[in-house]
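Data first, discussion second: the structure below is written as structure tokens.
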Amino acid sequence: MITQPTYVLAFDFGGTKLAAGLVDISSGSISNLIRLPAPAEEGADACLQAMVKAGNTILQTCVIPRGNIQGIGISFGGIISDDRHTVVKSMHVKDWNNFPLPDRITDHFGIPAFMENDGNAAALGEWAFGAGRDTRDMLYVQISTGVGAGLVLSGKLYRGQGMAGEFGHVTVDPDGPPCACGKTGCIESLVSGWALKKYTLEAYQNADTGSPLYRLGSANPTQIDARLLIQAYQEGDVAAASIIDRGFNALGMGICNAVSLLDPQMVVLGGGVTRNWDALVPAVEECLQRFLMPGSRQRVRLAHSILDGSETLLGAAMLTTDFARP
Ligand SMILES: [Zn+2]
């Protein structure tokens, strides 16, 4: 790992939110952190200007001389090109297609910039500074609005031809529900934040008036989502348990297939849906026991992210290192 203080300007552009900060990649400490809504509605140029403004503010207010900034790392929540030089598509910013974001950032700051998708960046952050920091081989799965993932193999971010880690779109039920990608029965279509919200709303509309789901939903009609689902599940709601069982069964099946293929030392789960870890870990554990080959459960550790949302920004900073190079 890196032993001397080494500073990187890091950006986490998630589509609707932007975070930026100065990261010391020898320690994983973040300073001069800025979080703001991304002006996605105003288009690509406004988003670029928001990043430039945040970066300028950090460089002007931090105590590190500009010449000591080693590089710039960008995590992008969308599809990027295999060579990582171009944003192919953003789901949130309508005209941000085929946009050379890192080159534009490099041109502005005069510091080399590197980009990666958010699943890969978060995996690298969790591996370098979080739950996976003592491993060589690790699978990271982030369950938030969508399901993102990334692989660190032999101590390096693994990209395949550029699209490795599309764990959310692994098919686990050919007859399953439609997914945002156009297929059916993907892991994301069963356990992502958007999917759990959809099934919770459907269950709430058909819920018995005496059920925990009905009571919680009636008290929070505008917040019927994955968080409320997990609360109802903890209170013994039958419909909520059915949604959780189906979702986490799909997730567990996907994890077990990946573990059988790759034999990693650790699988780390993160993202907003996993925040109530204690409530969910029995469902995940049950699947691991069920779907892994007999006797192989003890070969892989299951862990919860310990970085509480900062793994993506930290991973963006690590894109400037050899750990992110092929
Ligand atoms: Zn899909």
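The values are calculated or read from the model by the stated rules, or taken from the named source; none is laboratory data. Note that the structure is predicted; figures quoted are calculated from it, not measured. Backbone-built Cβ (ideal geometry, glycine too); neighbour counts: all protein chains shown. Heavy atoms of the whole protein, side chains included, go into the accessibility calculation; ligands, DNA and RNA do not. Shrake-Rupley method; radii C 1.70, N 1.55, O 1.52, S 1.80 Å.
One table, with the values for the structure above:
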| quantity | calculated |
| --- | --- |
| Near pairs, Cβ below 6 angstrom, 6+ apart or cross-chain, from region 163-183 (not assigned by TED's automatic domain parsing to the domain that holds Gly119) to any residue that is open to solvent by 30 Å² or more (accessible area, probe 1.4 Å) and among the aliphatic types (A, V, I, L, M) | Val172/Met253 |
| Any hit, region 220-230, residues being open to solvent by 80 Å² or more (accessible area, probe 1.4 Å), more than 16 Å from the ligand (Cβ to nearest atom), charged (D, E, K, R) and touching a residue at least 12 places away in the same chain (Cβ under 8 Å) | yes |
| Test: Met318 is touching a residue at least 12 places away in the same chain (Cβ under 8 Å) and open to solvent by 10 Å² or more (accessible area, probe 1.4 Å) | no |
| Region 177-200, residues that are open to solvent by less than 70 Å² (accessible area, probe 1.4 Å), of a type in the set (A, V, I, L, M) and either more than 20 Å from Asp237 (Cβ to Cβ) or within 8 Å of the ligand (Cβ to nearest atom) (or both) | Ile187 |
| Among the candidates Phe129, Phe167, residue that is open to solvent by 10 Å² or more (accessible area, probe 1.4 Å) and more than 16 Å from the ligand (Cβ to nearest atom) | Phe129 |
| Test set (1) under 27 Å from Asp308 (Cα atoms); (2) open to solvent by 10 Å² or more (accessible area, probe 1.4 Å) - Ile72 fails condition number | (2) |
| Condition check for Arg215: surrounded by 17 or more Cβ atoms within 10 Å (Cβ to Cβ) and not assigned by TED's automatic domain parsing to the domain that holds Ala317 | no |
| Condition broken by Ala207, with the remaining ones in (1) more than 16 Å from the ligand (Cβ to nearest atom); (2) open to solvent by less than 50 Å² (accessible area, probe 1.4 Å); (3) under 21 Å from Arg290 (Cα atoms) satisfied | (3) |
| Sole exception among (1) open to solvent by less than 80 Å² (accessible area, probe 1.4 Å); (2) within 16 Å of the ligand (Cβ to nearest atom) for Pro174, by number | (1) |
| Selection from region 1-53 of residues that are surrounded by fewer than 18 Cβ atoms within 10 Å (Cβ to Cβ), within 14 Å of Ile74 (Cα to Cα) and touching a His at 6+ places or on another chain (Cβ under 8 Å) | Val52 |
| Val87, sole failed condition from (1) touching a strand residue (DSSP E or B) at 6+ places or on another chain (Cβ under 6 Å); (2) in contact (Cβ under 8 Å) with a residue 40 or more places away in the chain | (2) |
